[in-house]
Amino acid sequence: MSANGFVLGIDLGTTNTAAVAYGPESPGPVSILHGRDQPVMPSVVSMKNARLPIVGWLAKDMLLTDPLTTIYGWKRFLGRSPDSEFVARYRARFPFRIQGDDSGRLGAVVGNQVVPFVDIAAMVLDQVRLQTSAMLSRSVRDTVIAVPAHFNHAQRSAVIEAAARAGLNVMSLINEPTAAALAFGLDQKLQSRLLVFDLGGGTFDATILELTENVFDVKATRGEGFLGGIDFDRAIMNRLIEYCRQTHHIDPSEEPIVAQRLLNAAESAKRMLSAHECVDIRVPMIGMDRRGDSVDLEYRLDRRELEQLTAPLVERAIGTVEEMMRESGFERQHLQQVIISGGQSRMPLVLRRIEQALGQAPWTHLDADTCVALGAAVFARSHEHLDGAVLLDVLSVPIGAVLPGGQTQLVFPANTSLPAQRAIAFDGRTDDRGVSIGLFQGADIAAPDRQMLGILRVPSHMLPRGERFLIELDLSEGLHLRARFRSSTQTVPLVLEGAGAA
Ligand SMILES: Nc1ncnc2c1ncn2[C@@H]1O[C@H](COP(=O)(O)OP(=O)(O)OP(=O)(O)O)[C@@H](O)[C@H]1O
Ligand SMILES: [Mg+2]
């Protein structure tokens, strides 16, 4: 039992962070409020004064006035290496500069220093801890944090490191769609196979689970690390910029503050268009015309145009679901229920396309803002209750090995049930230098953006002459990897050396 009996579930979202606590006396969950009486807090940190960072709602307000020192969208960069292809592709989309610090940790440049994104994550989590203490009048340390299902080992480690820095003890991580399913299945004692469609602010995951009583058995999962509401906002913003260029001969993209105001206007318009057919966007003073007069942007956006602009993004999400179903052998008639989580899933086009692709209207009654935090809290509580939820999970990102000859071998394919054991077999060899194999994780284990998990070395004196041997690998539920060398005469544990990003 945790020290004072309270446990916390945290949804560390790209755009918003939410937390739900369970206490020993209170039978129900308590949603932690984060100022402005909101159950969520923007995952935004203002570093305008680097010694006094501001987190949450006030920081979000500062996006408009100080875009170069207000850090948002950082979750998509957690656990990534500064020289990765991912960073090269996406860094230009942010007003602040993104680069590695002296020890190779990726972060945002503020003044003349790099603030690592893992530190930014720690500031957000620290704020959650402070809010929780303030609301419950006690300190809470034990937590379950939800992460995107497709997060790899390095991304998960970064979240755990950030939590430790914020004074939190991570009992375990849980995948976001699984947490949403837990919130859905809470006390329902259902028996059903569900698909969770989770399109949030920055990331997308689809997961199929089977629920039997209180057992949540994940069967398949697939996701994308750069697909979410922010991309929808940008698609609208790009349309507004094009309009300003054509009509007013002004390029707002050159001015970070104006671009940020357009992005905010785009986001509000997008939300309004989930409930209305048409919205008038108005952004005053976006620049000067040729006569030196100040120009206001006025643009009428209707739902049809919004859908045209963002259809390619929706199709990427639907395509990911279809691929996951194909890969795992499920068909739409195998699904009893489709549930949505994540704010961007509320868009009518998304709901329509889910219904077309899966043959049933999704269940839309989960509270999109807090369901993931609630599911994480349910799981945290179940660590302490023997009759609590039981979670059986799968590996979301495959793990493979590069063998001494240079060829790659898939060792743990996507959707392998966890925990799992596999062995790599070697024919008898008498190599004087021993044998080394590299272990990697990535959607395509031969692709350059794969992540290196480490190297296993078997020294030459251990190699049996002319006889087969095995390297056995155990992968735990928390993605901890353990390795052993096994021959007919001995079994020796191996150390995974030099883990880091490739
Ligand atoms: N009614 C709505 N219609 C369309 N989009 C919406 C609506 N409500 C919220 N959104 C969008 O949902 C996104 C935020 O969703 P959510 O809070 O689930 O994301 P997150 O948890 O921060 O991110 P992630 O889970 O991807 O890390 C924002 O882009 C927001 O604009
Ligand atoms: Mg989310």
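What follows is calculated from the coordinates using simple rules that are stated; it is not laboratory data. This one's a predicted model, so the numbers in the text were calculated from it and none came from an experiment. Cβ placement follows ideal geometry from the backbone for every residue including glycine, while neighbour counts extend to all protein chains displayed.
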In degrees, nearest 10, the alpha-carbon axis of helix 153-165 is tilted away from the dominant principal axis of the alpha carbons of the chain by 70 degrees
Amide H proximity to Ala149 below 5 Å, modelled H, separation 5+ or other chain, gives Glu176
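Counting other beta carbons within 10 Å of each Cβ, put Tyr243, Tyr22, Tyr299 in order, fewest first. Walk me through the numbers on the way to the answer.
Working: Tyr243 15, Tyr22 23, Tyr299 20.
Fewest-to-most ranking of Tyr243, Tyr22, Tyr299: Tyr243, Tyr299, Tyr22.
Taking the Cβ of Val279 as the center, what net charge do the other residues with Cβ under 15 Å away carry, scoring Lys and Arg +1 and Asp and Glu -1? The partial results should precede the final answer.
Details: positive: Arg239, Lys270, Arg271, Arg282, Arg300, Arg303, Arg304; negative: Asp233, Glu267, Glu277, Asp280, Glu298, Asp302, Glu305, Glu307.
Neighbour charge sum, excluding Val279 itself: -1.
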Amide hydrogen neighbours beyond the local backbone of Ile71, cut-off 5 Å, H modeled:
Val45, Ser46, Met47
Each label point is 7 Å from the Cα along the Cα-to-Cβ direction; what then is the distance between the points at Ser417 and Trp57, in nm?
4.7 nm
So if we plug the beta-carbon distance of Arg332 and Asp427 into 1/(1 + (r/R0)^6) with R0 = 35 Å, what FRET efficiency do we get, rounded to 0.05?
0.20
Rounded to whole angstrom, the alpha-carbon centroid of region 49-66 lies from that of region 190-222 at a distance of 35 Å
Sequence of Met462, Met452, Met237, Met288 once ranked by neighbouring C-beta atoms within 10 Å, starting from the fewest:
Met288, Met462, Met452, Met237
Region 284-393, relative contact order in percent, only Cα pairs under 8 angstrom and at least six apart counted
16 percent
Distance between the C-alpha centers of region 397-424 and region 111-178? Whole Å please.
29 Å
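My understanding is that a pair violates if its Cα-Cα distance is over 26 Å; which of Lys60/Lys270; Lys219/Lys270; Lys75/Lys270 do that in this structure? Intermediate values should be presented prior to the final figure.
Numbers: Lys60/Lys270 18 Å; Lys219/Lys270 33 Å; Lys75/Lys270 22 Å.
Cα-Cα > 26 Å for Lys219/Lys270; rest within.
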Measuring from centroid to centroid over Cα atoms, what is the spacing of region 300-374 and region 232-293 in Å?
27 Å
Could you give each residue of region 461-478 its phi-based ³J(HN,Hα) in whole Hz, using Karplus coefficients 6.51, -1.76, 1.60 with θ = phi - 60°, and x for Gly or Pro?
5, 8, 6, x, 6, x, 10, 5, 9, 10, 10, 9, 10, 10, 10, 7, 4, x
Would you please put 257-263, 471-477 in order of how densely packed they are, using the mean number of other Cβ atoms within 10 angstrom per residue and starting with the highest?
257-263, 471-477
Using the Cα centre of the chain as the reference point, and only Cβ charges (+1 on K/R, -1 on D/E), how large is the resulting charge dipole? Debye, rounded to the nearest 20.
600 debye
Applying the Karplus parametrisation 6.51 cos²θ - 1.76 cosθ + 1.60 with θ = phi - 60° to the phi angles of region 421-427, what ³J(HN,Hα) value in whole Hz is obtained for each residue in order, glycine and proline being reported as x?
10, 9, 10, 9, 9, 10, 6
What net charge is computed for the residues neighbouring His480, neighbours being all others with C-beta under 12 Å from the C-beta of His480, Lys and Arg scored +1, Asp and Glu -1?
0
How far is helix 256-272 tilted off the main Cα axis of the chain, in degrees rounded to 10, range 0 to 90?
90 degrees
Calculate the dipole size of region 229-308 relative to its Cα centre from +1 charges on Lys and Arg beta carbons and -1 charges on Asp and Glu beta carbons; express the result in debye to the nearest 20.
60 debye
Pairing the Cα long axis of helix 348-358 with the longest principal axis of the chain, what angle in degrees results, from 0 to 90 and rounded to the nearest 10?
30 degrees
For the chain, what does the relative contact order come out to in percent, with C-alpha contacts under 8 Å and a separation of six or more?
14 percent
A correct fewest-to-most ranking of Val45, Val170 by other Cβ atoms within 10 Å would be Val170, Val45
Determine ³J(HN,Hα), in whole Hz, for all residues of region 130-137 in sequence, where each value follows from phi through the Karplus function 6.51 cos²θ - 1.76 cosθ + 1.60 and θ = phi - 60°; x replaces Gly and Pro.
5, 4, 5, 4, 5, 6, 9, 6
